[in-house]
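First comes the structure, then the notes that go with it.
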Amino acid sequence: MSRTSAASSTATATTQPRVGVVGLGYVGLPLSLAMHAAGYEVVGVDVDDTKVAELSGGRSTISDVADDAVAGAVDEGLSFTTDYSALADVDAVSICVPTPLGKSETPDLSFVIDAVERLAGVVPEGCTIILESTVYPGATSEIIGDILTDNGLVLGEDIYVAFSPERIDPGNKDYEPTSIPKVLGGITEACGDHAAALYQPVFDEVVRVDAATEAELVKLLENTFRAVNIGLINELAQVAHELDVNIWNVIDAAATKPFGFMPFYPGPGLGGHCIPIDPFFLSWKAGQQGIDMPFIEHADSVNRGMPGHVVDRVVKQLNTRGTALSNADILVLGVAYKPDVSDTRESAAIDIIDQLTDWESTVTYHDPHVPTLDVRETTYESVPLTPQRLAAADCVLLVTDHSVFDLDEIVAESSLVFDTRNATSEYEADNVVRL
Ligand SMILES: NC(=O)c1ccc[n+]([C@@H]2O[C@H](COP(=O)([O-])OP(=O)(O)OC[C@H]3O[C@@H](n4cnc5c(N)ncnc54)[C@H](O)[C@@H]3O)[C@@H](O)[C@H]2O)c1
């Protein structure tokens, strides 16, 4: 492994590269802006013509990126299109398309395959292709390498292919996308050299590993590490509750140990596109080698059980107050999968609302970042957060702790606040219950 900071980079390009970014979502849009900011000539390509029209009109399509940032970059020459032929004269392309799980928790790489098949007929010889989408170890070589070399091009000589995992943390204002060290590995050494030369001027630090497979496994290690540790703490939270021990105090005290411990916190369940999904890329690949990964399976089962655990706890709280869940009015606060983002993919709030309505309770939600939410066949609209709405609810269930919430008002006006995030740790009130 080698680490190169932008300051010590020896890149000596005299003309700025022309680069393409394929897939303009949570990963591709910030990457396009970062490469534009580094002075590159950038063209973004997406199959979604509505998204391309929005971006071309200078409007952002994700909450982490402001309209001004897109509008300013478009004015300076950043362009967006649905037309892959715009990539005919690029020096490099970064691929940021979705990689969901298919049936039976099998990696679905069809978006990557589609993107690479389209690129194969377009990009020029000498081009560098960097895959950012999360994949299982070996996929960059097996899929991209194979498709691009189908017409006789030689990897590492005529075309360069590398994997560089995206590590952004949406909603986290402490880290700019370019300040997170960028791990990168090429299929061949020359592939890695070309990719590193492209990314060094863009990112504060490039962490070069020896192979694309190493870079692929880095991403899966990071996300599996989180999923498994969150599973452990969610399991412990349930035990601590039965023992009448405050799990949050336990974690805070354990975290005073200056070595050998890293705090993870319980919650209503995993969400987002990475932590609940990526470990299965690893366990699927391990299964191909005849190896089971029971840690992953068990953590997933604990984490998926958390929405049900939350609902059980709410039922008990309501019962002690003489209200049956079937007659209860529940206000869910925050439905995005994490604070201060609008992304609801895999959000635990969806499962919780689904289970609450199964019990025929009346459910509304408020989320300043999410105007509407689909739960099975029902589309909910975010209701205004008024003192009257808070007072009318039998339970205010805090699922996502957005920083804009006024907890003083929420605690003052509600008859019961069930807090899954320990946001109310400062409040010692009878109407506040924590996970
Ligand atoms: N969202 C995150 O926080 C995050 C973090 C790290 C890694 N990742 C990984 O990055 C990858 C992209 O995730 P995302 O959250 O940006 O997804 P996204 O759904 O927000 O965006 C993907 C975009 O790709 C476009 N697309 C699909 N097929 C295409 C094709 N053939 N050609 C061109 N465009 C195409 C879609 O229209 C969409 O705009 C995934 O593998 C994900 O696991 C995501």
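The values are calculated or read from the model by the stated rules, or taken from the named source; none is laboratory data. If you're wondering where the values come from, they're calculated on a predicted model, not measured in any experiment. Please note: Cβ atoms are built from the backbone with ideal geometry, for glycine as well, and neighbour counts cover all protein chains shown. Remember, those area values only see protein heavy atoms, side chains included, never the ligands or the DNA or RNA. Shrake-Rupley method; radii C 1.70, N 1.55, O 1.52, S 1.80 Å.
Here the spin labels are modelled as points 7 Å beyond Cα on the Cα-Cβ line, and at residue 404 and residue 391 they lie 2.4 nm apart.
What does the extension gain come out to for residue 214 and residue 146, with contour length at 0.36 nm per residue minus their alpha carbon separation? Walk me through the numbers before you get to the answer.
Working: separation 68, 0.36 × 68 = 24.48 nm, distance 1.85 nm.
The span from residue 214 to residue 146 would gain 22.6 nm if fully extended.
Of 103/182; 257/338; 51/103; 103/219, which ones are farther than 25 Å apart at the Cα? Please list the in-between numbers first.
On the way: 103/182 31 Å; 257/338 27 Å; 51/103 27 Å; 103/219 22 Å.
Beyond 25 Å between Cα atoms: 103/182; 257/338; 51/103.
One decimal place: the segment residue 250-residue 157 gains 27.9 nm when fully extended, by the rule 0.36 nm per residue minus the C-alpha distance. Using a probe of 1.4 Å, the accessible surface attributed to residue 167 totals some 70 Å² when neighbouring protein chains are kept in position.
Built from the Cα atoms of the chain, the convex hull projects on average onto 22.7 nm², one quarter of its surface area.
Projected label points at residue 319 and residue 89, each 7 Å from Cα along the beta carbon direction, are separated by 7.2 nanometres. Pairwise Cα distances in region 247-434 exceed 20 Å in 58 percent of cases. Taking the DSSP beta bridges with both ends in region 247-434, the antiparallel portion is around 20 percent.
The apolar share of the surface of the chain, taken as the fraction of accessible area on carbon and sulfur atoms (1.4 Å probe, ligands and nucleic acids excluded), comes to 50 percent. Amide H contacts of residue 94: 20, 21, 22, 130, each under 5 Å away and 5 or more positions distant or on a separate chain (H built 1.01 Å from N in the peptide plane; Pro and chain starts excluded). Sorted into 5 angstrom bins from 0, the C-alpha pair distances of region 2-210 split as 1, 7, 16, 21, 21, 18, 10, 4, 1, 0 percent. Solvent-accessible surface of the chain, averaged per residue with a 1.4 angstrom probe and all protein chains in place: 45 square angstrom.
Taking amide H positions as modeled 1.01 Å from N, with prolines and chain starts lacking one, the residues under 5 Å from residue 80 and 5 or more places away or on another chain are 44.
Express as a percent, rounded to the nearest 5, the fraction of DSSP beta bridges in the chain (both residues included) that run antiparallel. Percent antiparallel among DSSP bridges in the chain is about 20.
Using a ≥ b ≥ c from the Cα gyration tensor of region 176-315 (square roots of the eigenvalues), is it rounded, prolate or oblate, where a/c under 1.5 gives rounded and otherwise the larger of a/b and b/c decides, a/b for prolate?
On the way: a/c = 2.71, a/b = 1.83, b/c = 1.48.
The shape class here is prolate.
Computed from backbone phi, the HN-Hα couplings of region 57-62 come to x, x, 10, 6, 10, 9 Hz, rounded to whole numbers (Karplus: 6.51 cos²θ - 1.76 cosθ + 1.60, θ = phi - 60°; Gly and Pro given as x). Taking only the alpha-carbon positions of region 14-119 and ignoring solvent, what does the Debye formula give for the base-10 log of I(q)/I(0) at q = 0.18, 0.22, 0.23 Å⁻¹? Computed log10 I(q)/I(0) values: -0.83, -1.15, -1.24.
For residue 329 and residue 262 in one chain, what is 0.36 nm times their gap in residues minus the Cα-Cα distance, to one decimal in nm?
On the way: separation 67, 0.36 × 67 = 24.12 nm, distance 3.81 nm.
Extra length from residue 329 to residue 262 when fully extended: 20.3 nm.
One quarter of the convex hull surface, Cα atoms only: what value does that give for region 238-301 in nm²?
6.1
Kindly list the residues of region 400-415 that lie in the label zone of residue 174, defined by a backbone N under 19 Å from the point 7 Å along the Cα-to-C-beta vector. Label zone hits: 401-404.
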